[in-house]
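Reading through the C-alpha cells given below for one structure.
The values are calculated or read from the model by the stated rules, or taken from the named source; none is laboratory data. Nothing here was measured: the structure is a model prediction, and the numbers come from that model. With ideal geometry, Cβ positions are generated from the backbone for all residues, glycine too; neighbour counts draw on all protein chains shown. Surface areas here come from the heavy atoms of the whole protein model, side chains and all, with no ligands, DNA or RNA. Shrake-Rupley method; radii C 1.70, N 1.55, O 1.52, S 1.80 Å.
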Amino acid sequence: MTMPAGLASFTYTGHPARVVFGTGTLAGVRAEVERLGITRALVLTTPAQAAHGRAVLDRLGERAAGWFDGAVMHTPVEVTRAALAVAGERGADGLVAIGGGSTTGLGKAIAVRTGLPQVVIPTTYAGSEMTPILGETDGGQKVTRSSPEILPETVIYDVELTLGLPAALSGVSGINAIAHAVEALYARDTNPITQLMAEQAIAALARALPAIAAGPGDRAARTDALYGAWLSGVCLGAVGMALHHKLCHVLGGAFGLPHAETHTAVLPYAVAYNAAAAPEAMARVAAALGRPGGDAAAGLYDLAGAVGAARSLAAIGMPADGLDRAADLAVASPYWNPRPLDRAAIRDLLQRAFTGTPPA
Ligand code: NAD
C-alpha cells in the first residue's frame, strides 16, 4: 500500500480512549469501572433498553449508584438536568452509558458539566462514543460543542448486545456509520491514517449489513459491523465532516427526521454532488464497497436497497414544501465542502433525495 496522492504531509490527532472489543465483553464492565477509580457509577439508558441497564447494574454490584433511563434523541438540556439531579442525589462519581447515540449523548452532557469519567457501551453503530463532540438541544435549537471532557475514557464494544438491534435499525445505523467514513475520505483535513480506517470501516460494514438484514443473529456479520462502526466513529472524531453531515443536521433539526434513516436516504445524493470534486475519495469508496472502478453513489444507493432501507426523504416524513427551506439552511452559513456550495444544485440534490430517484 502506498501513501495516498497529495497526502505526503499531514497532521493527525488521535483521541485517547481505551477500547475493549469482543463478544461477552460486558462481563468486564466492573473491572473497567474500577480501573477508572469509579466507586459509585450512575447507569444511563432508555426505557426500551431497561434489560441492558439491568444487566449492567447486576454486574456492577455495590459499584452502582443507581440508574437513569430517560435518555432521548437530540440530548435535550431538560433531560440532562434531570439526570444531573439523580447523579447528585446518589453521589455518583462516574457514568456507565449503555445504548445508542442518544444515551451516549446524555453521558457526554453530564460529563462535560461535572468532569465525571465515562464508560460507554454502544449498542448501535452511530459512533458517538469515539468523538469529543456533543450536540444538545435547548429551546428547540441544536448546539454542538467539542471538548476533551466530552470524550469517553473507556468504550466496551460487545457484539452480543447488538444481536437484538432490529434488522431495519441495524441497516440504517450501519449506513450512518459509513457516512462518517465516506466524508472522512474527502475531508479538508483528511490524512493517511484516517483514510486507512475509513476504507476498512466501509468494507467491513458493506460486507456485514446485507448479511445482518438476511439474518440479524449472524455473529460474524455483527462482529464486522461493530468493528466497522468503531472505525467510522474514530473517523468522525478525527476530521471535519462536510455537506452530507450538514444536510442531515438541517433535516433532523428543522424537520425532526430520524437520525440514521436520514443519513441513509441522503448519502448517495451527497456523494453524487461531491463526486467530480473528489475523484480519489470516490475511487476508494467504490473499491471498499466491493466495486473497484465503479460508481460510489450508485454503490451506496444499492447498499441501502440491499438492507431494505427507505431510500427517499418522502418515505421518512420529509414534507415536500420544506425542501426550499432545507436548501436555504444548508447554505446559510459557510463551511468547507470539496465542491463549492451551490444553492440551486443543493435544491436539486434534495429533490432527488426526496423522491429517491437513483443518484445522477
Ligand atoms: P438512538 O440512540 O436514539 O437509539 C434508537 C432506539 O434504539 C432507542 O430507543 C434505543 O434505546 C434503541 N436501541 C439502541 N440499541 C439497541 C439494541 N441493541 N437493541 C434494541 N434496541 C436498541 O439512535 P442512534 O442512531 O444510535 O443515535 C442517534 C443520536 O446520536 C442522534 O441524536 C445523533 O445526533 C447522535 N450522534 C452523535 C454523535 C456525536 O459524535 N456527537 C455521533 C453520532 C450520533
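Taking a probe of 1.4 angstrom, what is the accessible area of Ile193 in Å², to the nearest 10?
About 70 Å², rounded to the nearest 10.
Can you give me the long-range amide H partners of Val43? Hydrogens built in the peptide plane at 1.01 Å from N, cutoff under 5 Å, separation of 5 or more residues or another chain.
Ala65, Gly66, Trp67, Phe68, Val96
Based on the Cβ-Cβ distance from Arg90 to Arg54, what FRET efficiency comes out when R0 is 22 Å, to the nearest 0.05?
Result of the calculation: an efficiency of 0.85.
Ignoring ligands, DNA and RNA, what accessible area per residue does the range 142-233 give at 1.4 Å, in Å²?
32 Å²
Kindly write out, for the range 241-256 in residue order, the coupling ³J(HN,Hα) from the Karplus curve 6.51 cos²θ - 1.76 cosθ + 1.60 (θ = phi - 60°), rounded to whole Hz, with x marking Gly and Pro.
Result, ordered by residue: 8, 9, 3, 4, 5, 4, 4, 5, 4, 5, 5, x, x, 8, 10, x Hz.
Can you give the accessible area per residue of the range 265-356, in Å², using a 1.4 Å probe?
Using a 1.4 Å probe on heavy atoms only, each residue of the range 265-356 averages 42 Å².
What is the set of long-range amide H partners of Tyr157 at a cut-off below 5 Å, with H atoms built 1.01 Å from backbone N?
Amide H neighbours of Tyr157: Val20, Phe21, Gly22.
Loop-only check: which chymotrypsin sites (Phe, Trp or Tyr not before Pro) in the range 276-360 are DSSP coil with at most 16 other Cβ within 10 angstrom?
Tyr335, Trp336
Kindly give the semi-axes, whole Å and largest first, of the ellipsoid equivalent to the range 1-79, taking each as the square root of 5 times a Cα gyration tensor eigenvalue.
Each semi-axis is √(5λ); the values are 35, 19, 13 Å.
Give me Rg over Rh for the range 21-136, both radii from the alpha carbons and Rh done the Kirkwood way, two decimal places.
Here Rg/Rh amounts to 0.92.
Tell me, in nm to one decimal, what length is gained between Phe21 and Arg339 on full extension, where the rule is 0.36 nm per residue of separation less the Cα-Cα distance?
Contour length minus Cα-Cα distance gives 110.8 nm.
Averaging sequence separations of C-alpha pairs under 8 Å and six or more residues apart, then dividing by the length of the chain, give the relative contact order as a whole percent.
For the chain, the relative contact order is 15 percent.
Using only alpha carbons, build the gyration tensor for the chain and give me the equivalent ellipsoid semi-axes, biggest first, whole Å.
Taking √(5λ) for each Cα gyration eigenvalue gives 33, 22, 19 Å.
Which value, in debye to the nearest 20, gives the size of the charge dipole of the chain about its Cα centre, when Lys and Arg are +1 and Asp and Glu are -1 at the Cβ?
100 debye
Of all GluC sites (Glu not before Pro) in the range 1-69, which ones are in loop regions per DSSP and have a Cβ with at most 15 other Cβ atoms within 10 Å?
Answer in residue order: no site qualifies.
Using all Cα-Cα distances in the range 167-355, what percent lands in each 5 angstrom bin from 0 up to the longest?
So the P(r) values, bin by bin, are 1, 9, 18, 22, 21, 16, 9, 3, 1.
Relative to the present Cα-Cα distance, how much length would full extension add between Ala167 and Val77 at 0.36 nm per residue of separation?
29.3 nm
Tally up the carbon and sulfur contribution to the accessible surface of the chain as a whole percent, 1.4 Å probe, everything protein left in place.
That share works out to 55 percent.
I'd like the accessible area for Thr124, computed on protein heavy atoms only with a 1.4 Å probe and all protein chains in place. Round to 10 Å², please.
Roll a 1.4 Å probe over it and Thr124 shows about 30 Å².
Rounded to the nearest 5, what % of the DSSP beta bridges within the chain are antiparallel ones?
Expressed as a percentage, antiparallel bridges in the chain total about 20.
Quickly estimate the mean residue ellipticity at 222 nm for the chain, helices only: each DSSP H run with n ≥ 4 gives -39500 (n - 2.57), and the total goes over all residues, rounded to 500.
Per the formula, -16000 deg cm²/dmol.
Not counting ligands, DNA or RNA, and with a 1.4 Å probe, what is Met197's accessible surface area in Å² rounded to the nearest 10?
Its heavy atoms expose roughly 40 Å² to the probe.
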